[in-house]
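What follows is calculated from the coordinates using simple rules that are stated; it is not laboratory data. Just so it is clear, the model here is predicted, and its values are computed rather than measured. All Cβ positions, glycine included, derive from the backbone under ideal geometry; neighbour counts span all protein chains shown.
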Amino acid sequence: MNMNRRLLSTFCALVLLQLLRASEAFIVTVDAHNEECFFEKVEGGTKFGITFEVIEGGFLDIDIKITGPDNNVIHESEKESSGKFTFAAVSTGIYRVCFNNERSSMTPKLVMFSIEVSDAPHRPAGAPSEEEVGHTKLEDMIQQLSGTLTGVKHEQEYMHVRDKIHRSINESTNSRVVLWSTFEALVLVLMTIGQVYYLKRFFEVKRVV
């Protein structure tokens, strides 16, 4: 019973450690006619992922480009509002993620993004013992659970951002509807007053002196 509790405590501690080491979300402003790049050192054989969302500015779109250590283009797309890309790093080196807003004439874009790099696989040399196999399975389970929890955390953050964006759009639309309705009511009142005045003048009896 005590052994199970120790294993459970160790498992929870390792999961928390993995979560603390997980990537955080960042927010960057990309000015018009400008490009912002971010660099991450990744070891070969690990997974490298980027998740982003344009939360403010223009039509909520931006160009993204991901390049490897040899300046080879891994991914490139234009006018993306959001995206999630994951791939295996073939070689060890510096990977670059660039957000390009050169197409915009005057509107800066606010981009929320996160870069996630999984731990490099470590396997002991030679035939693993039964204990090492158990530890390896536990580590794999922890990494898998950590990745899932990190994904859930990022999805919650992006859902919160989307909620703010949609709320802002709804409030802006409601304000415009109210202003337009007020303008229509004002025009209707002015037309009514004008028609009453015109009819009154039309039916007036003009006296000849």
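Working only with C-alpha atoms, what are the Rg and Dmax values of the stretch 38-100, expressed in angstrom?
When restricted to Cα atoms, the stretch 38-100 yields Rg and Dmax of 12.3, 38 Å.
Once you put a point 7 Å from the Cα of Cys37 and another 7 Å from the Cα of Gln195, both along the Cβ direction, what distance in nm separates them?
A separation of 6.7 nm, rounded to one decimal place.
Step through the table entries Lys47/Lys153; Lys41/Lys137; Lys84/Lys109; Lys41/Lys84; Lys65/Lys109; Lys41/Lys65, compare each Cα-Cα distance with 23 Å, and write down the pairs that go over it.
Working: Lys47/Lys153 18 Å; Lys41/Lys137 27 Å; Lys84/Lys109 18 Å; Lys41/Lys84 19 Å; Lys65/Lys109 16 Å; Lys41/Lys65 16 Å.
Result: Lys41/Lys137 exceed 23 Å.
If I model a spin label as a point 7 Å beyond the Cα along the Cα-Cβ vector, how far apart are those points for Leu188 and Glu78 in nm?
In this crude spin-label approximation the distance works out to 4.7 nm.
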